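First the structure, in the form of structure tokens, and then the observations on it.
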Amino acid sequence: ETGVTQTPRHLVMGMTNKKSLKCEQHLGHNAMYWYKQSAKKPLELMFVYSLEERVENNSVPSRFSPECPNSSHLFLHLHTLQPEDSALYLCASSQKPGGPSVNYGYTFGSGTRLTVV
Amino acid sequence: GDSVTQMEGPVTLSEEAFLTINCTYTATGYPSLFWYVQYPGEGLQLLLKATKADDKGSNKGFEATYRKETTSFHLEKGSVQVSDSAVYFCALSDQGDYKLSFGAGTTVTVRA
């Protein structure tokens, strides 16, 4: 257990479904991230939230919609996905500069393995 | 911008062999450097880190030294085990920036 919990671990959804991925951290971090990891591709940063405000959105299609209701929770809402969206979705958290930790490395969750059929 | 370049894999080794994965970086300031490991079916875990020049990070028999003069942070292990089979990612965060820049990852397979 890393301190960052992602649910569900596995998700199979049809292209017309709506589902949500959930990420929760209890590390006192105030920045959270969504990454997409596809087979044989580098990690793709999708969204960054700092102090609950979205600070980065790397041209992600609108069928992915993030939500950060508080500093401990992050969601990724999925709607009308395509088969090429099948991937491992990783959530991470970190301490924003100015916080108590000098180590700005991330703590990752175990990921949600998404399959779109 | 900041970037990390690590050696391409896959790397296949026999048990007890020596492992080196090269990592070089480009950064505008004084970055912190990290190695992450991803075991099959899992997310990324922090393996080790170094926050300033000449620091050596170490964990689980792995070591990496922050070399400012060569802008490198090569990962080494003297005697690998089958359980070290994983994907290894080099990463950096520049001074004052909380975002991480990752390398492409190197897949390592250790055979018994």
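The values are calculated or read from the model by the stated rules, or taken from the named source; none is laboratory data. Keep in mind the model is a prediction, meaning the values are calculated, not measured. Every residue, glycine among them, receives a Cβ derived from its backbone with ideal geometry; neighbour counts consider all protein chains shown. Just the protein is used for accessible areas: all its heavy atoms, side chains included, with ligands, DNA and RNA removed. Shrake-Rupley method; radii C 1.70, N 1.55, O 1.52, S 1.80 Å.
Does the stretch B:36-104 classify as rounded, prolate or oblate by the C-alpha gyration tensor (a ≥ b ≥ c root eigenvalues; a/c under 1.5 gives rounded; else a/b over b/c gives prolate, otherwise oblate)? Oblate. Taking A:S93, A:S50, A:S62 as the candidate residues, the one with maximal mean-square fluctuation in a Gaussian network model of chain A, Cα springs under 10 Å, is A:S62. Taking chain B as a Gaussian network of alpha-carbon nodes connected by springs under 10 Å, the highest mean-square fluctuation of the residues B:S58, B:S101, B:S79 belongs to B:S79. Once neighbouring chains are kept in place and the probe is 1.4 Å, which whole percent of the accessible area of chain B is contributed by carbon and sulfur? Carbon and sulfur atoms account for 45 percent of the accessible area of chain B. Cross-link check: pairs A:K18/B:K60; A:K41/A:K96; A:K41/B:K68; A:K19/B:K49; A:K36/A:K96 evaluated at a Cα-Cα cut-off of 30 Å; pairs beyond the cut-off: A:K18/B:K60; A:K19/B:K49. Annotation: amide H of A:S20 within the under-5 Å range of A:L78, sequence separation 5 or more or interchain, hydrogens built in the peptide plane.
Database remark: amide H of B:S85 closer than 5 angstrom to the amide H of B:V110 (H placed geometrically; neighbours at sequence offset of 5 or more, or on other chains; Pro and chain starts carry no H).
Between amide H atoms placed 1.01 Å from N, distances below 5 Å from B:A104 occur with B:Q6, all of them 5 or more places distant or on a separate chain. Are there residues in the stretch B:86-100 whose accessible area shrinks by at least 20 Å² when all protein chains are included rather than the chain by itself, and which are they (probe 1.4 Å, ligands and nucleic acids not counted)? Buried on complex formation: B:F89, B:G96, B:Y98, B:K99, B:L100. Quick one: Cα centre-to-centre distance for the stretch A:1-79 and the stretch B:37-112, in angstrom? Measuring centre to centre over Cα atoms gives 24 Å. Shape verdict for the protein assembly as shown, please, from the Cα gyration tensor: rounded (a/c under 1.5), prolate (a/b greater than b/c) or oblate. In terms of gyration-tensor shape, oblate. Ligands, DNA and RNA left out, the 1.4 Å accessible surface of chain A is 50% carbon and sulfur atoms. Buried accessible area for the A:B pair, summed, 1.4 Å probe, in Å² rounded to 100? Adding both sides of the contact gives about 1700 Å². Where a ≥ b ≥ c are the square roots of the eigenvalues of the C-alpha gyration tensor, would you call chain A rounded, which needs a/c under 1.5, or, failing that, prolate if a/b is larger than b/c, or oblate? Prolate shape, in that a/c is at least 1.5 and a/b is the bigger ratio. Note on B:S79 and B:S14: the model spin-label points, each 7 Å out from Cα along the C-beta direction, lie 1.5 nm apart.
Rounded to the nearest 5, the antiparallel percentage of DSSP beta bridges internal to chain A is 90%. Each residue of the stretch A:3-10 was assigned a 3J(HN,Hα) from its phi angle through the Karplus curve 6.51 cos²θ - 1.76 cosθ + 1.60 (θ = phi - 60°); the sequence is x, 10, 10, 10, 9, x, 6, 9 Hz, with glycine and proline shown as x. Which of B:G43, B:G57, B:G78 moves the most in a Gaussian network model of chain B with Cα springs under 10 Å? Among B:G43, B:G57, B:G78, the largest mean-square fluctuation in the Gaussian network model of chain B belongs to B:G43.
For B:Y30 and A:N70, a Förster radius of 25 Å and the Cβ-Cβ distance give a FRET efficiency of 0.15, rounded to the nearest 0.05.
At a probe radius of 1.4 angstrom, the accessible area of the protein assembly as shown per residue rounds to 47 square angstrom.
A simple spin-label model places pseudo-atoms 7 Å from Cα toward Cβ; at A:T80 and B:A53 they are separated by 5.4 nm.
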